[in-house]
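Novice: My structure is below; once you've seen it, I'll send some questions.
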Amino acid sequence: MKFKIALLSAATIAALAAAPAVSAKPFKWTSASDIPTLDIHSQNNALGNGVHAAVYDSLVYYNSQTFKPEPQLATAWREITPTQIRFTLRQGVKFSDGSPFTADDVVFSIMRAMSKTSNYAVYTQGIDRVVKVNDNTVDFIMKGPNPVLLNQLTELRIMSKAWAEKNKSTEPKDIRTKDETFAHRNAMGTGQYMVKEWQPDQRLVLVKNPNYWGKNDSNVTEIIYTPIKAEATRIAALLSGEVDFVLDPSPQDLPRLRNNANLKVIDGVENRTIFFGMDQFRDELPGSNVKGKNPLKDVRVRKALYQAIDSDSLHRVTMRGLSQPTGTLVAPQVAGWTESLHKRMPFDPEGAKKLLAEAGYPQGFEVDFACPNNRYINDEEICQAVTAMWAKVGVRAKLRTQPLVTYFPMIQRYEASIYMLGWGVPTFDALYSLQSLTRTVGTGGDGNYNVGRFSNQRMDYVVDRIKVETDLPVRNRLLTEGLQISNDQVSHIPLHNQIIPWAMKKSVDVVHRADNRLDWRLIKVN
C-alpha cells in the first residue's frame, strides 16, 4: 500500500505559496532506488543520508571543496581534557515548526543514535555520553581519545526532542522489522528544506524551510526526487527534460550523454568500495549441497572464489571502464590505504580449482548468492558476470537479486551466504570500515555490517587499539595492519572502487563529491 504523507502545516504552505513565483526554481532528480526511511538514526544508507542532510543538520558538516568538517549547528569546539570535548551551539536556530534548537536536542539525538535499534552506532564510536552544560553548550564525554570524532559527527543529525516525544519516536525504526514509527515517514529538522510529501518508491518533494538559520546559495525552492529503477527509463527522463539530473547513469549510456549538446556529465572516484562478503559463521550453509560443514569457513575456498574473478573483464566489459579494480576494502582517499594493499591477487582460475580440490571440493559446490539490483552501478550485471566466472571453477552460485529496500534488512538478518555490499567511508578513515565490516559482531558499532560474521582475534585487538590511539603514525600503521589482515584472511572479496558519473542538463550547476551526494547549498538551476 502506498501512502501520501503531508508534512507541512496549512499556514506554512500558504506562506510558501505567497512567495514570489519568479524566484521558484525546481530541481528534479532521479536514481535507481528510493531512500529507505526518513528516520535519521535508523538505516545507515548513503542515499538516505544525503537526502536527510537537506532536512536535518548536524553539529559539523563537510565542506564540499576541502572535505574538512566545518561548523553547522555547532560554532566552536575545544578539548577540555582528551576525553571531554566542549561544543558551543549556534544560537537563534529554529526547527521548521518554529521551536528553538537547544542543547537538549543534541543530548537526545546523540543518545538516540546510540540506541539498540539504531544503525548509526559506528558514528557514535568512542562516545560515552553527552552532557548539557547550558542551553548553548554540550560536552561530549569520551571513552578514550578519539581523533576522528568530528568526522563521525558529520553523519549524526539532530532531531527535536519535543517533536520525537510528542510523536512517540524516541527510538529509531528497527530496519530489520516491518514496524514503523512516526519518524520513519515524517521529518522535522533545522535544515534548508522541509518534506512536503513522501510516497515511497514514487516521489519525494522537499520545499524551502522559511525558518532556516543559514545562508543558502542555491536558487532551488523545490526539490522533487523520483526513483526510477530501469536504466533506460532514467535516461529517457533526462533526455525528455522530465528530470534535470541523474545520480547514476549507466556506463553504456555515457558516450551519447557526453555528446549531447544540451547535457553535461561530470565524474570522479567515489570513496566507496564494492565487494562480496561471505558467511563464515554457520556450520552449514542453507541451500548448499554441502552438508555438515560450511565451505566458506576455509580460507582456501575464499581465496579460490577471489581468484576465479576476472576483475579486468568486469572493469572493461561490465563497468565500461567506470571502476578502479582493488584488492582492499577502502579507496585511496581513506587513511590506512596503501598501494601494496590495493594490488589484487592475480586472476587464476586453474589455481582456484586447485585450492578448491585441496579444501575437499574437487567438483565445487552449490551456494546461495544475494545481490541488490538498484543500489550500485551495474550491481545485478556484476553478480551475473561473477556467477558465470565461478561456474567455470565448479562453484554453482544460486543468484537472487532484490531491491535495496528489502535487500539490506535481509542481509542484516544474516540470511545470505554470499552477498554484495558497497561501503563508502564518510569519515575518510579506515577504522569506519574495519570496525563495521571486520570486527567481531558486538556492541557500539562493532561488526554492525559484518553480516558474514568474520571473526579474528588479532583483528579485534587492532581495531580496539585504533579506537583510542592518538599517535597518528602509530595509528596509520595499525589501520594498514588491519586492512592487511583482511587481505590475508580474505575476510571479503574486494572488487573495485566506484567511479561515479553524474549526468545533468547544461543549465544545472552542482559540485561533485567523493561521497556521491549532492550539496543542497550549492545547487543552481540557471
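The values are calculated or read from the model by the stated rules, or taken from the named source; none is laboratory data. For clarity, every value in this text was computed on a predicted model and none was experimentally measured. Cβ: placed from backbone, ideal geometry, glycine included. Neighbour counts: every protein chain shown. Ligands, DNA and RNA are excluded from the accessible area calculation, which covers all protein heavy atoms including side chains. Shrake-Rupley method; radii C 1.70, N 1.55, O 1.52, S 1.80 Å.
Novice: Here are some residues: Lys178, Lys161, Lys143. Which one is under 24 Å from Arg465 (Cα atoms) and of a type outside the set (Phe, Trp, Tyr)?
Specialist: Details: Lys178 fails: under 24 Å from Arg465 (Cα atoms); Lys161 fails: under 24 Å from Arg465 (Cα atoms).
Answer to the check: Lys143.
Novice: Further question on the same structure: Of the residues in the stretch 398-422, how many are surrounded by fewer than 22 Cβ atoms within 10 Å (Cβ to Cβ) and of a type in the set (Gly, Ala, Ser)?
Specialist: 1
Novice: Among the strands (runs of 3 or more DSSP E) contained in the stretch 44-131, which hold 1 or more residues that are open to solvent by less than 20 Å² (accessible area, probe 1.4 Å)? First the steps, then the outcome.
Specialist: Details: elements: 60-62, 69-71, 74-81, 84-89.
Strands (runs of 3 or more DSSP E) meeting the threshold: 60-62, 74-81, 84-89.
Novice: So how many residues does the stretch 257-271 have that are at pLDDT below 95 and of a type in the set (D, E, K, R)?
Specialist: 2
Novice: Mind checking which residues of the stretch 496-526 are of a type in the set (A, V, I, L, M, F, W, C), open to solvent by 30 Å² or more (accessible area, probe 1.4 Å) and part of a strand (DSSP E or B)?
Specialist: Across the stretch 496-526, the qualifying residue is only Ile499.
Novice: Here is a list of conditions, (1) part of a loop (DSSP other than H, G, I, E, B); (2) on the phi < 0 side of the Ramachandran plot; (3) surrounded by 20 or more Cβ atoms within 10 Å (Cβ to Cβ), and Ile493 meets all of them except one; can you say which number that is?
Specialist: (1)
Novice: Mind checking whether some residue in the stretch 5-26 is within 28 Å of Pro200 (Cα to Cα) and either modelled with pLDDT of 95 or more or of a type in the set (D, E, K, R) (or both)?
Specialist: Taking every residue of the stretch 5-26 in turn, at least one turns out to be within 28 Å of Pro200 (Cα to Cα) and either modelled with pLDDT of 95 or more or of a type in the set (D, E, K, R) (or both).
Novice: Taking Ile35 as the residue in question, decide whether it is assigned to a strand (DSSP E or B), touching a residue at least 60 places away in the same chain (Cβ under 8 Å) and crowded, with 18+ Cβ neighbours inside 10 Å.
Specialist: On the way: assigned to a strand (DSSP E or B): no; touching a residue at least 60 places away in the same chain (Cβ under 8 Å): yes; crowded, with 18+ Cβ neighbours inside 10 Å: yes.
So Ile35 fails the test.
Novice: Another question about this same structure. Which ones in the stretch 254-284 are of a type in the set (Asp, Glu) and open to solvent by 10 Å² or more (accessible area, probe 1.4 Å)? Before you say what the answer is, go through the steps one by one.
Specialist: Our first condition is that a residue be of a type in the set (Asp, Glu); within the stretch 254-284, this holds for 267, 270, 279, 283-284.
Those that are of a type in the set (Asp, Glu) and open to solvent by 10 Å² or more (accessible area, probe 1.4 Å): Asp267, Asp283, Glu284.
The rows are residues; the columns are (1) open to solvent by 30 Å² or more (accessible area, probe 1.4 Å); (2) farther than 24 Å from Arg400 by Cα; (3) in a helix (DSSP H, G or I).
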{"position": "Leu437", "(1), (2), (3)": "no, no, yes"}
{"position": "Gly444", "(1), (2), (3)": "yes, yes, no"}
{"position": "Val451", "(1), (2), (3)": "no, no, no"}
{"position": "Thr470", "(1), (2), (3)": "yes, yes, no"}
{"position": "Arg475", "(1), (2), (3)": "no, yes, yes"}
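Novice: If I filter the stretch 318-339 for residues that are touching a residue at least 60 places away in the same chain (Cβ under 8 Å), under 25 Å from Met410 (Cα atoms) and not hydroxyl-bearing (Ser, Thr, Tyr), do I get at least one hit?
Specialist: yes
Novice: Could you list all residues from the stretch 172-203 that are surrounded by fewer than 20 Cβ atoms within 10 Å (Cβ to Cβ) and of a type in the set (A, V, I, L, M, F, W, C)?
Specialist: Residue satisfying the conditions is Phe182 alone.
Novice: Restricting the stretch 140-185 to residues that are among the hydroxyl-bearing types (Ser, Thr, Tyr) and within 19 Å of Gly444 (Cα to Cα), which is farthest from the chain's Cα centre (by Cα)? First the steps, then the outcome.
Specialist: The initial filter retains those residues of the stretch 140-185 that are among the hydroxyl-bearing types (Ser, Thr, Tyr), namely 154, 160, 169-170, 177, 181.
Among the residues that remain, those that are also within 19 Å of Gly444 (Cα to Cα) are: 154, 170.
On the way: Thr154: 13, Thr170: 23 Å.
If we take residues in the stretch 140-185 being among the hydroxyl-bearing types (Ser, Thr, Tyr) and within 19 Å of Gly444 (Cα to Cα), then Thr170 is farthest from the chain's Cα centre (by Cα).
Novice: Please work out which residue is modelled with the highest pLDDT, limiting yourself to the stretch 132-166 and to residues that are among the small types (Gly, Ala, Ser) and either closer than 19 Å to Arg439 by Cα or open to solvent by 10 Å² or more (accessible area, probe 1.4 Å) (or both).
Specialist: Just the residues of the stretch 132-166 that are among the small types (Gly, Ala, Ser), to begin with: 144, 160, 162, 164.
Of the ones still in play, those that are also either closer than 19 Å to Arg439 by Cα or open to solvent by 10 Å² or more (accessible area, probe 1.4 Å) (or both) are 144, 162.
Details: Gly144: 91, Ala162: 98.
Restricting to residues being among the small types (Gly, Ala, Ser) and either closer than 19 Å to Arg439 by Cα or open to solvent by 10 Å² or more (accessible area, probe 1.4 Å) (or both), the top hit is Ala162.
Novice: Among the residues of the stretch 237-253, which ones are within 13 Å of Leu322 (Cβ to Cβ) and open to solvent by 10 Å² or more (accessible area, probe 1.4 Å)? Break it down into steps so the answer makes sense when it comes.
Specialist: Of the residues in the stretch 237-253, the ones within 13 Å of Leu322 (Cβ to Cβ) are 248-253.
Matches in the stretch 237-253: Asp248, Gln252, Asp253.
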